[in-house]
Structures are given as structure tokens and as C-alpha cells.
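Data block below; observations after.
The values are calculated or read from the model by the stated rules, or taken from the named source; none is laboratory data. Model, not experiment: these values are computed from the prediction. Heads up, the Cβs are rebuilt from the backbone with ideal geometry, glycines too, and the neighbour counts pull from every protein chain shown. Areas reflect the complete protein model, heavy atoms only, side chains present, ligands, DNA and RNA absent. Shrake-Rupley method; radii C 1.70, N 1.55, O 1.52, S 1.80 Å.
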Amino acid sequence: MSSHRAIENLIARYAELVDDGDFAGLGGLLQDATFAGSGEPVRGRDAIEKMFRDTLIVYTDGTPRTQHVTTNIAIEVDEEAGTAVARSYVTVLQALPDLPLQPIAGGRYHDRFERRDGQWRFVERRVRINLVGDVSRHLRQA
């Protein structure tokens, strides 16, 4: 698999794990990374898992009832150094029985990756949300 494809798969896996409500999986995916969103940056499996559990509302189906759509992915790989950076857009959609499907947030991801033992992994994810809709049913402290 090419480095670009492996990195795209990591970016897609992040969206799947969030939308599935799999916060332990997110902790594993980002275990070697620093995650910086709207709060203080967090690092490591346990801290990242806790941050997601403390921040996102999860419904009876075990999910936050969201779809994270990641687009405009631009990846720059330094094969020799085993490093890469990526930029992408994110649009978060949400629907509930009493909330019609709607975009609730939009922004950008700025990611750094390293290849260790032949595997690409996140080392940093910075999230900048600059368009905010009704997040009252997505974030615990909206």
C-alpha cells in the first residue's frame, strides 16, 4: 500500500471511530499522538479516550449520531524521513429522531504522521472548527 493511501486510511478510520462512538479505538488510533481541539491538548491513549468520553454525547445506540465527512485531503510525504503532514476539511452532520439531518460543524484538520516499524501513525491532530451550528446535542458543554 502506498504511503498516501495508508495515511488516507488513518484519516478515514478516525471519522469511523468517532461516528461509531468507539472512544477506546480512538485512544488506540491516537496513542502516539497529541490531540489539540478547542480545549487543552491531550496526549496518549487514556487521555484521548477520556477527552472524547467527557466531551461527546452518546445515544442509546452507542453512537453520537454523527457522520464526519472528510474532504479536500492534501498529503505531503517525506519517504526518506518517514514523516508526513496532511490538511483536510471536516463537516460534521447529525440527525436524531427529533432533529432533522443537518450540518452542525465545519472546519479543518492539520495532521502529522510518522512511519514506525513500517506502519504510519498519527503523531499530531489539530482540529480547528470555524463554522458552528447547533452542537447542543453533540457536545456535553455546548
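Listed by first and then second residue, the pairs with beta-carbon distance under 6 Å, at least 6 apart or on different chains, first residue in segment 84-101 and among the charged types (D, E, K, R), second part of a strand (DSSP E or B), are Arg87/Ala74; Arg87/His110.
Quick one: is Thr66 of a type in the set (S, T, N, Q), under 20 Å from Asp22 (Cα atoms), surrounded by 18 or more Cβ atoms within 10 Å (Cβ to Cβ) and in contact (Cβ under 8 Å) with a residue 60 or more places away in the chain? Give the derivation first.
Numbers: of a type in the set (S, T, N, Q): yes; under 20 Å from Asp22 (Cα atoms): yes; surrounded by 18 or more Cβ atoms within 10 Å (Cβ to Cβ): yes; in contact (Cβ under 8 Å) with a residue 60 or more places away in the chain: yes.
In short, yes.
For segment 34-69, the tally of residues that are small (Gly, Ala, Ser) and more than 17 Å from Leu139 (Cβ to Cβ) stands at 3.
Summed over segment 91-102, residues that are of a type outside the set (Gly, Ala, Ser), open to solvent by less than 40 Å² (accessible area, probe 1.4 Å) and either at pLDDT below 95 or touching a Lys or Arg at 6+ places or on another chain (Cβ under 7 Å) (or both) total 3. Of all the criteria given as (1) modelled with pLDDT under 95; (2) closer than 24 Å to Leu131 by Cβ, the one not satisfied by Met1 is (2).
Residues in segment 103-142 that are part of a strand (DSSP E or B) and open to solvent by 50 Å² or more (accessible area, probe 1.4 Å): 16 in all. For Val77, indicate whether it is open to solvent by 30 Å² or more (accessible area, probe 1.4 Å) and hydrophobic (A, V, I, L, M, F, W, C). The answer is yes for Val77. Within segment 39-60, residues that are under 16 Å from Asp22 (Cα atoms) reach partners that are among the aliphatic types (A, V, I, L, M) and assigned to a loop (DSSP other than H, G, I, E, B) with beta carbons closer than 8 Å, at six or more positions or on different chains, in the pairs Arg45/Leu30; Ile48/Leu30; Ile48/Ala33.
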